[in-house]
Amino acid sequence: MPSYVITGVSKGLGWEFMDQLSSDPNNTVVGIIRNKPPTAERVANELADRKNITLLQADLTNYDATKKAAEDAGRILGGKLDTLIANAGYVPQFDAYDGIGTLGAKPEELTQEFWKVVNINVLANIHLYNLFLPLIFKGNDKKVICISSAQGDPDWAKDYEIDVAALYSASKAAMNMITSKFHAQYKKDGILFMGICPGMVDVGHFSSATPEQMEGLQGMLKRFSVYSPNFKGPDTPHDSIKAVMKVVNNSTVEKDGGAFLSHFGNKQWI
Ligand SMILES: NC(=O)c1ccc[n+]([C@@H]2O[C@H](COP(=O)([O-])OP(=O)(O)OC[C@H]3O[C@@H](n4cnc5c(N)ncnc54)[C@H](OP(=O)(O)O)[C@@H]3O)[C@@H](O)[C@H]2O)c1
């Protein structure tokens, strides 16, 4: 009975992970969300037949709430966990369309958004990893997967002049390093820590963009096409998570421990 804990299952990629993984009745899936009632209602409406899903509520920036979620997950899963998927993340709108120099004109908002994105995308995940580690130690598969982003690759930003999303990108780069550090410490225990970028996936992040912002976005998409001539636009959550899970299932500590890979299982981001 493989077991999975997935964070951020209220929507987007987290919901898709929960849907795909719980479609196998042999899997046990625990989803963590900040606000349980709407997701519980959605599960009751759309995944009513899935008896293998349990939802736990925790704002991951609240250490005590995450600790309680780990304790509750331990009780539900019999004290052991195969795979932790650290998917929850904050994707700010603040830096989505402007370069870091332009953002400097709003220093207070920049400061606020910087600490917010680092708090959720980095610090909360450090606590999450540590709090779930005792369960992972006792699991069979022993995998800790962080949903990262190509935006966290400095070479990509440099070579293709991807100047937007600086704060978000910095948080993802930092978390890649943290994941590598966990690998460095726990490789000897056979625990896999790795970061995977799911590609560019349409989950509605740009739905409220102004026409001017959309123009800037088109410029970025053109640079994506230069990087990858096969790039035809964002993936669906379904295709992205299928690809990510293939990478997860094929991963081993020896081959992939501490790595940061794409949904193709290599360094080709899109
Ligand atoms: N979509 C893409 O193209 C793409 C590309 C590369 C990487 N990623 C990464 O993929 C992951 C999922 O992103 P997404 O695109 O599915 O975004 P999304 O639709 O905005 O979903 C983000 C999830 O994280 C949860 N979350 C945020 N802050 C939280 C907190 N403090 N405590 C608990 N949960 C929290 C959200 O919960 P609420 O509903 O409560 O806000 C939501 O469930 C993120 O790590 C993102 O960086 C996405």
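Note on the chain: with neighbouring protein chains present and a 1.4 Å probe, carbon and sulfur make up 53 percent of its accessible heavy-atom surface.
The simple spin-label model puts a point 7 Å past each Cα toward its Cβ; for K11 and F264 those points are separated by 3.0 nm. Between V226 and R75, take the C-beta separation as r, use R0 = 51 Å, and let me know the FRET efficiency to the nearest 0.05. E(calc), rounded to 0.05, equals 0.50. Amide H to amide H distances under 5 Å link F193 with V144, G258, where only residues 5 or more positions off or on other chains count and H is placed in the peptide plane. For the chain, the per residue solvent-accessible surface stands at 48 Å², with DNA, RNA and ligands left out and a 1.4 Å probe. Each peptide in 10-18, 43-51 gets a packing score, the mean of other Cβ atoms within 10 Å over its residues, and the list from highest to lowest is 10-18, 43-51. Label-to-label distance, N35 versus D159, with points set 7 angstrom from Cα along the beta-carbon direction: 4.1 nm. Between A44 and N130, the modelled labels are 3.7 nm apart [label points 7 Å from Cα along Cα→Cβ].
Take each peptide in 121-132, 78-89, count the other Cβ atoms within 10 Å of every residue, and average; sorted highest first, the result is 78-89, 121-132. With 22 Å as the limit on Cα-Cα distance, the pairs of K188/K255; K11/K187; K11/K51; K181/K246; K158/K187; K11/K222 that go past it are K11/K187; K181/K246; K158/K187; K11/K222. Semi-axes of the equivalent ellipsoid of the chain are 30, 20, 19 Å, computed as sqrt(5λ) over the eigenvalues of the C-alpha gyration tensor in descending order.
A helix-only calculation puts the chain at -15000 deg cm²/dmol for mean residue ellipticity at 222 nm, using -39500 (n - 2.57) for each DSSP H run of at least four residues, averaged over all residues. Each Lys or Arg adds one and each Asp or Glu takes one away; over the other residues whose Cβ falls under 15 Å from the Cβ of R223, this sums to -3. Applying 0.36 nm per residue to the separation of K68 and A184 and subtracting their alpha-carbon distance, the gain on full extension is 39.1 nm. Residue ranges 151-158, 211-218, 200-207 sort as 151-158, 200-207, 211-218 when ordered by packing (mean number of other C-beta atoms within 10 Å per residue, highest first).
The values are calculated or read from the model by the stated rules, or taken from the named source; none is laboratory data. Predicted model only: the values in this text are computed from it and were never measured. Using ideal geometry, Cβ is built from the backbone for each residue, glycine included, and neighbour counts are taken over all protein chains shown. Accessible surface areas use protein heavy atoms only, side chains included; no ligands, DNA or RNA. Shrake-Rupley method; radii C 1.70, N 1.55, O 1.52, S 1.80 Å.
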